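Rule-based calculations on the coordinates, nothing more; no lab input. Remember, predicted model here, so these are calculated numbers, not experimental data. Ideal geometry is used to build each Cβ from the backbone, glycine not excepted, and the neighbour counts take in all protein chains shown.
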Amino acid sequence: MTFVTRFAPSPTGRLHRGHAFAALTAWTAAKAAGGRFLLRIEDTDFTRCRPEYEEAILDDLAWLGLDWEHPVRRQSEHRADYDAALDRLRDMGLLYRCFRTRKELMALAGMAPHADDPTDAEAFAGGPLSDDEEAARLASGQPFAWRISLAAARDRLGDFHHLTWIEEAADPGIRTATPGELGDMVLGRKDIGAGYVIASVVDDALQGVTHVVRGEDLIETTSVQRLLQALLDLPTPSYRHHPLLLGPDGKRYAKRDGSVTLAALRDAGVAPEVLRAELGF
Ligand code: GLU
């Protein structure tokens, strides 16, 4: 059996224990299957990604004892591939420009602008503007996002019930995608072009990834990516969504918490094999 998996970090900060756990999970799965392990740098968003973080990712993963195939695919070098996919969706009439700011979206969803979780508001995108209003906003140079119209996608595919994937993690079986959970998701922006959701799904196909091994925080994204596979005629890999590593406080690790970066552990003299053992590898 061919087994190709990948670890696909975005260089927006230093790696922490949670990343180490995710990378080791994917790498170990590849080794156990006698398969291939790829490292992919997901740096399409140049407003958030920094080259020094990319360098640090390579250093940290090597320190951890991982190896990967070369060359490493860096998404910023392949924008044309992702923009072509975005263009295809646009030509099919499945995208619309969204000019609304986060504040406007929250107002639309009837939430206070200081609400803690803007996710619901962002999902409620409000659909396309009238032609006149869109022309006016474009003429004034306003920024916008490209959102997928789930209504248009549903018109094209019938319904979404046949969009399934094989889940091989904790609760294995056939899963049915529910793209509606994230609403009309943003797939690109005026400034950066295609974003990571579409770039990642295009690359998984292009790189022949057979198994996507990643954290369960991305399971809703998988539903949208399954929809994109159907719309773009891309193959569907198997998925293993692993549980997220939790810190001593019971919360998931986050990039902003500098104390638990792999760099901090290295500086404190922690040996990589000690960390691996702690993480269960
Ligand atoms: N680049 C994404 C992230 O850092 C991961 C995407 C994926 O594994 O498919 O969250």
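Give the relative contact order (percent, whole number) for the chain; include only Cα pairs under 8 Å separated by 6+ residues.
24
Can you list the aspartates and glutamates whose alpha carbon sits under 18 Å from that of K251, skipping same-chain ones fewer than 8 residues off?
Of all the aspartates and glutamates, those that pass the test against K251 - Cα under 18 Å, at least 8 places apart if same chain - are D116, D117, E216, D217, E278.
Would you mind getting me the FRET efficiency between A264 and F46? Use the beta-carbon distance for r and R0 = 30 Å, nearest 0.05.
That pair, A264 with F46, gives E of 0.70.
For K31, list the aspartates and glutamates whose Cα falls under 14 Å from its own Cα; do not include residues on the same chain fewer than 8 positions away.
Output for K31: D67, E69.
Using a Cα-Cα cut-off of under 12 Å, which aspartates and glutamates could be cross-linked to K190, ignoring same-chain neighbours fewer than 8 residues away?
Here the aspartates and glutamates satisfying the reach criterion relative to K190 are D45, D83.
Given an 8 Å cut-off on Cα distances and at least 6 residues of separation, report the relative contact order of segment 177-260 as a percent.
Relative contact order here is 31 percent.
What number, rounded to the nearest 500 deg cm²/dmol, is the helix-based mean residue ellipticity at 222 nm of the chain, given -39500 (n - 2.57) per DSSP H run of at least four residues and division by all its residues?
When only DSSP H runs of four or more count, the value is -11500 deg cm²/dmol.
Applying 1/(1 + (r/R0)^6) with R0 = 35 Å to the Cβ-Cβ distance of K190 and D155, what FRET efficiency is obtained, to the nearest 0.05?
With R0 = 35 Å, the Cβ-Cβ based efficiency is 0.85.
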